[in-house]
Amino acid sequence: MEFQKLSALSLKEMFIRQIRDMILSGQMPVGSRLPSEREIARQMQVSRAVVNSGFSELEKQGFLEVLPRQGVFVADYGKNGNINTLNAIMEYHGDTLGQVEIHSIIEVRRALEHLATDSIIKNSSNEDILGLEGLLEEVSAAKTIDDTVLATFSFHHKLSVISGNSIIPLIYISFKPVVTQLWKRFCLRYGKEALYDSVLCLYKCIKERDAKAARRCTDKQLNEALEGGHQIF
């Protein structure tokens, strides 16, 4: 049994959550104009500094658009959002995503993993591939779900690095909050051993330099997550 650390939210964090929840629940529709900082501060009984810094953070998350001399508006976050927007939506839904969002993320992962493993099998040295064994052992030896998820991310990120494509590692890093939440959800449902098995399967295919087998391994795992026995939504 695992327990998570408890911590109190700051006024800024509570402000951000309240505004974000009002946007995501539809209470504040896209395009609507928010009251002035002074008015919001009065109603919520916080300082204008809290409101101002909260607005800035919500703008970074893609939920608000701050227009000088015009005001603050709810942004079209579904169309113009970013990875921070997706992470915030996951938090709003209890670290879960809807079926459409999960399907889209998994399909992107599939494409990236195929690209990375194809390149590794074709171009990487035996030394690079054998260097993955240490990370594989970390996944196996992890005692908690959180440690298993972090070790799994390290393994996949290393794959992206040794692929030789300089952009893939950047994409993996940007998706870290999303994929780790999905892996955590997977482990909570099916156990951390199931996540290790998926990593082991992929490693064996890479070690044997069998690109077709590596693709089949990736496809099998992701198809199981989408519509098979290991669904994550």
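Some observations on this one:
- Scanning the stretch 55-90 for residues that are charged (D, E, K, R), surrounded by fewer than 16 Cβ atoms within 10 Å (Cβ to Cβ) and either over 17 Å from Val30 (Cα atoms) or modelled with pLDDT of 90 or more (or both) gives Glu59, Lys60, Arg69, Asp76.
- Taken together, the residues in the stretch 163-195 that are under 21 Å from Glu133 (Cα atoms) and either in contact with a Pro (Cβ under 9 Å, 6 or more places away or on another chain) or crowded, with 20+ Cβ neighbours inside 10 Å (or both) amount to 5.
- Taken over the stretch 7-28, residues that are closer than 19 Å to Met90 by Cα and in a loop (DSSP other than H, G, I, E, B) amount to 5.
- Taken over the stretch 30-54, the criterion of being surrounded by 14 or more Cβ atoms within 10 Å (Cβ to Cβ) and either on the phi > 0 side of the Ramachandran plot or within 23 Å of the chain's Cα centre (by Cα) (or both) is satisfied by Gly54 alone.
- Tabulated pairs, the stretch 70-89, first of a type in the set (A, V, I, L, M), second open to solvent by 50 Å² or more (accessible area, probe 1.4 Å) and modelled with pLDDT of 90 or more, C-beta under 6 angstrom, 6+ apart or interchain: Val72/Val66; Val74/Val30; Ala75/Glu65
- Breaking point among (1) in a helix (DSSP H, G or I); (2) farther than 22 Å from Lys207 by Cα; (3) open to solvent by 20 Å² or more (accessible area, probe 1.4 Å), for His157: (2)
- Unmet criterion (only one of (1) surrounded by 14 or more Cβ atoms within 10 Å (Cβ to Cβ); (2) of a type in the set (D, E, K, R); (3) outside any helix (DSSP H, G or I)) for Lys143: (1)
- Annotation: Lys122 fulfils all but one of (1) among the basic types (Lys, Arg); (2) open to solvent by 70 Å² or more (accessible area, probe 1.4 Å); (3) under 24 Å from Lys192 (Cβ atoms); the unmet one is (3).
Matching residues to (1) at pLDDT 95 or above; (2) in contact with a Leu (Cβ under 8 Å, 6 or more places away or on another chain):
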{"position": "Val199", "(1), (2)": "yes, yes"}
{"position": "Arg209", "(1), (2)": "yes, no"}
{"position": "Ala213", "(1), (2)": "yes, no"}
{"position": "Arg216", "(1), (2)": "yes, no"}
{"position": "Leu226", "(1), (2)": "no, no"}
{"position": "Gly229", "(1), (2)": "no, no"}
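- Pair list, Cβ < 9 Å and 6+ apart or interchain, from the stretch 168-181 residues that are free of Cβ contacts under 8 Å to residues at least 24 places away in the same chain and in a loop (DSSP other than H, G, I, E, B) to residues that are of a type in the set (Lys, Arg) and surrounded by 19 or more Cβ atoms within 10 Å (Cβ to Cβ): none
- Those residues of the stretch 206-221 which are surrounded by 20 or more Cβ atoms within 10 Å (Cβ to Cβ) and either touching a Pro at 6+ places or on another chain (Cβ under 9 Å) or not hydroxyl-bearing (Ser, Thr, Tyr) (or both), in sequence order: Ile206, Ala214, Cys217, Gln221
- Ile102 vs. criteria at pLDDT 85 or above and surrounded by 12 or more Cβ atoms within 10 Å (Cβ to Cβ): no
The values are calculated or read from the model by the stated rules, or taken from the named source; none is laboratory data. None of the values given here were measured: they were computed from a predicted structure. All Cβ positions, even for glycine, are placed from backbone atoms using ideal geometry, and neighbour counts span all protein chains on display. When the accessible area is computed, the model is the full protein with side chains, heavy atoms only, and any ligands, DNA or RNA have been set aside. Shrake-Rupley method; radii C 1.70, N 1.55, O 1.52, S 1.80 Å.
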